[in-house]
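The values are calculated or read from the model by the stated rules, or taken from the named source; none is laboratory data. Note that the structure is a prediction, hence the values are computed from the model and not measured. Because the Cβ atoms are built from the backbone with ideal geometry, glycine has one as well, and the counts that use them run over all protein chains shown. When the accessible area is computed, the model is the full protein with side chains, heavy atoms only, and any ligands, DNA or RNA have been set aside. Shrake-Rupley method; radii C 1.70, N 1.55, O 1.52, S 1.80 Å.
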Amino acid sequence: MTTRRWQLAHGRHLDLGGKAVVVGILNVTPDSFSDGGLFAARDTALGQARRMVEEGAAVIDVGGESTRPGASAVTGEEEQARVLPVIEALAGSGEALISVDTYREDTARLAVAAGAHIVNDVWGLQREPGIARVAAETGAGLVIMHTGRGRQKLPDVIDDQLFFLRKSLEIARASGVADDQIVLDPGFGFAKETAEENLDLMARFAELQALGHPLMAGTSRKRFIGAVTGRDAAERGAGTAATSVILRLKGAHLFRVHDVAINVDALALADAMLARETDPSGR
């Protein structure tokens, strides 16, 4: 897999391709679908972040508003009160790269000022396009996620990905975001209404490489894994790791997960196999 450099805020970068990168999910919310309330307190959140770093996470993705269907909306001020103290503390420790999971321009700007290196927008710049300006002005890495929420999707799962993400990329480039700042995420579970639709997206994941950007996979504990395995959300670590391996073999670079250790181990095996395919002699 070709190595690409992902440029981030504060003079940092990540080299993507040679080794899978694990992004640890840190929800500082009371109502996220599988871990709501567990890490809402600052000290508890920091403890969880340290555990994920020790287990092999290179990035901690801090979110202050649940994105599960039916979750209660919060104000920007509430979101900022949840995420900014955690981001400031993580930045002060220097233990990991930091991502902020937000679609709000104001939250993104304050989070990068507090030390975040990456902005992760689950609305793909199409709810608050000013997110792109934040990335352009600060040099932050930008994760642009596909979603089908709030619109009529195209019937073909990849056609809809390409339609939505190309529009998002136009917004990013018009705002001055450089191509080497951008990672794309197909948004597993976000208005992919059935297990079959998510599985089809997995099966055809390699087609997303046509967009020319590194790819992040966020399948962790999603409902379609439960539909296949029969497991409740908190018990879907092994199923998530299986999807991580499949998607690594289909070209994903980053993996956003709750259960870091099991995914780090699974992806190490996938990387070892990819290395043998590239150079069977082991040189």
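Yes/no matrix, rows are residues, columns are (1) among the aliphatic types (A, V, I, L, M); (2) under 16 Å from residue 58 (Cα atoms); (3) touching a Pro at 6+ places or on another chain (Cβ under 7 Å):
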| residue | (1), (2), (3) |
| --- | --- |
| 229 | no, no, no |
| 242 | yes, no, no |
| 266 | yes, yes, no |
| 269 | yes, no, no |
| 275 | yes, no, no |
Next item on the list: Only residues that are part of a helix (DSSP H, G or I) and either loosely packed, with under 12 Cβ neighbours inside 10 Å or among the basic types (Lys, Arg) (or both): list them for region 253-281, please.
Entry: 272, 276, 277, 278
Next item on the list: Run residue 220 past the list (1) in contact with a helix residue (DSSP H, G or I) (Cβ under 6 Å, 6 or more places away or on another chain); (2) farther than 24 Å from residue 7 by Cβ; (3) part of a helix (DSSP H, G or I) and report the number of the one that doesn't hold.
Entry: (3)
Check: Could we say that residue 171 is touching a helix residue (DSSP H, G or I) at 6+ places or on another chain (Cβ under 7 Å), open to solvent by 20 Å² or more (accessible area, probe 1.4 Å) and part of a helix (DSSP H, G or I) here?
Finding: yes
Item checked: Residues satisfying the stated conditions in region 202-224, i.e. at negative phi and more than 16 Å from the chain's Cα centre (by Cα) -> 203, 204, 206, 207, 209, 210, 211, 223, 224
Check: Among the residues of region 58-100 satisfying the criterion of being modelled with pLDDT under 90 and among the β-branched types (Val, Ile, Thr), which is farthest from residue 141 (Cα to Cα)?
Finding: 74
Check: Among the residues of region 228-250, which ones are touching a residue at least 24 places away in the same chain (Cβ under 8 Å) and of a type in the set (Val, Ile, Thr)?
Finding: 228, 243, 245, 246
